[in-house]
Amino acid sequence: MRPGRGLPTRRTRAALAASAVAAAAAAVLAATEPAPAPVSPPAPRAVDDLPDAPGTVKAPSPGPRAPAFALTVTPDARSLLWAERGTGVVRRAVLGAGAPGAGVVLARLDARPGAEAGVRGVAVARDGRTYAAYVRRTDGRLAVVELGTSARVVWLGPPAGRTRVGGGLVALAGGRLAVAIGDGARPARAAQPRSLLGRVVTVSPDGPADQEPRRRSRGWHDPTAFAAGRGGVLWVADRAGGPDAERTGHADRPRAGVVLSPFRRAPVGLATADDGATLFACGLRSGRIDRTRVRAAGRGNAQTVPQVLAARCRYGIAVAGERVLVSGDDGRVADAGRTSTLRRAAVLDDGP
């Protein structure tokens, strides 16, 4: 184990070279809307051969039935919300000194069951209104709803497909909701100008269910890990899969703001810290927290490839003040440490 600024280890040098080749393809990953350039091209074959992240911990089998997923801290940092992965259940707990426990059920949505379905994202606006993005059981469409005495449909999105669903959800300071939609493993369809697949869009919380969303960027693969940083900048840690590289970067400036991962960690949760200067992601495949630094104290682009830490995480991550909360192998929410500690933590090497 040793500190590092970009993980230039022996085992990943070849992978980094492959990622450099893939960078040219990534330049067209998401031309900002509405440019009709083709998107999501297959990455070079070498990307599919990238190693697992340093320190990867195999997931337990069988795993927890419905682990805490889509962890979301309220704007006042007093409460934590999360979904039970693969279901329509959303929970809420008051944050005290210890672990939040099981909390209370806030909503039960009629969601399609399964690890790539259920509730995909949870967001709380500054006015306290709470929203969820989920895959509906009735028609398989990705929907955004406001949670309350009833689940009012805010926006009815496209069919979710069975893989690369995305579904990250963020409440923006201006009042709108940002939704990250996966490409459904259908890049050709996602490349069509009118498609909503592989997009980051925003919708009005008070609009009709059939409102036309505003398109912000395109070409994402599986943007479940989605978070807001300094000044409302949106960040995506794209899980990808198959022959496509994992990417971390600006949701609005995907050409200039993306770095490719030299290994696989399958990020499913993303949180910002240090006023946007640090990104922490939770790896479903790696079972670890990884750290990405942001240039210009949170105002610029991603600075480093993901730096894998010893700290453990499996299903979700959130930052509440200085606390980093994670959903681990048992699916329960626990403290992973303080942001100041993880900011300075040594990076795992992948061996001599």
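Taken as a whole, the structure leaves T149 outside the set of residues that are polar (S, T, N, Q) and either closer than 15 Å to R189 by Cβ or touching a Leu at 6+ places or on another chain (Cβ under 6 Å) (or both). Considering (1) part of a strand (DSSP E or B); (2) of a type in the set (G, A, S); (3) more than 23 Å from A273 (Cβ to Cβ), the lone condition that G184 does not fulfil carries the number (1). When the residues of region 48-75 are filtered to those that are among the polar types (S, T, N, Q) and modelled with pLDDT of 95 or more, the one that is nearest to T272 (Cα to Cα) is T72. A search for C-beta distances below 9 Å between a residue of region 161-176 that is on the phi < 0 side of the Ramachandran plot and any residue that is of a type in the set (F, W, Y), counting only pairs 6+ apart in sequence or on different chains, returns G168/F226; L169/Y131; L169/F226; V170/F226; A171/Y131. Could you tell me whether any residue of region 314-321 is in contact with a Leu (Cβ under 9 Å, 6 or more places away or on another chain), touching a residue at least 24 places away in the same chain (Cβ under 8 Å), of a type in the set (F, W, Y) and under 26 Å from R65 (Cβ atoms)? Among the residues of region 314-321, at least one is in contact with a Leu (Cβ under 9 Å, 6 or more places away or on another chain), touching a residue at least 24 places away in the same chain (Cβ under 8 Å), of a type in the set (F, W, Y) and under 26 Å from R65 (Cβ atoms), which makes the answer yes. Counting only strands (runs of 3 or more DSSP E) wholly contained in region 241-352, the ones carrying 1 or more residues that are at pLDDT 95 or above and of a type in the set (F, W, Y) occupy 278-283.
Can you tell me which residue within region 191-240, out of those that are among the small types (G, A, S) and buried (at least 24 other Cβ atoms within 10 Å of the Cβ), is modelled with the lowest pLDDT? Don't jump to the end; show me each part of the working.
Step one: of region 191-240, the residues among the small types (G, A, S) are 191, 195, 198, 204, 207, 209, 217, 219, 225, 227-229, 231-232, 237, 240.
Adding the requirement that they be buried (at least 24 other Cβ atoms within 10 Å of the Cβ) leaves 198, 217, 219, 225, 227, 237, 240.
Working: G198: 94, S217: 92, G219: 89, A225: 97, A227: 96, A237: 95, A240: 84.
For region 191-240, the residue satisfying everything is A240.
Scan R85, R91, R45, R78 and give me the residue that is at pLDDT 95 or above, closer than 29 Å to A190 by Cα and not small (G, A, S). Answer to the selection: R85. The residue of region 276-329 that is surrounded by the fewest Cβ atoms within 10 Å (Cβ to Cβ), among those that are of a type in the set (D, E) and out of contact with any Phe, Trp or Tyr (no Cβ under 8 Å at 6 or more places or on another chain), is E322. Quick check: is even one residue across region 192-207 among the polar types (S, T, N, Q), assigned to a loop (DSSP other than H, G, I, E, B) and over 22 Å from Y131 (Cα atoms)? Yes: region 192-207 contains one or more residues that are among the polar types (S, T, N, Q), assigned to a loop (DSSP other than H, G, I, E, B) and over 22 Å from Y131 (Cα atoms).
Considering only residues that are touching a Pro at 6+ places or on another chain (Cβ under 9 Å) and of a type in the set (F, W, Y), which ones fall in region 238-288? Residue satisfying the conditions is F263 alone.
The values are calculated or read from the model by the stated rules, or taken from the named source; none is laboratory data. All figures in this text were calculated on a predicted structure; none of them were measured in a lab. Cβ: placed from backbone, ideal geometry, glycine included. Neighbour counts: every protein chain shown.
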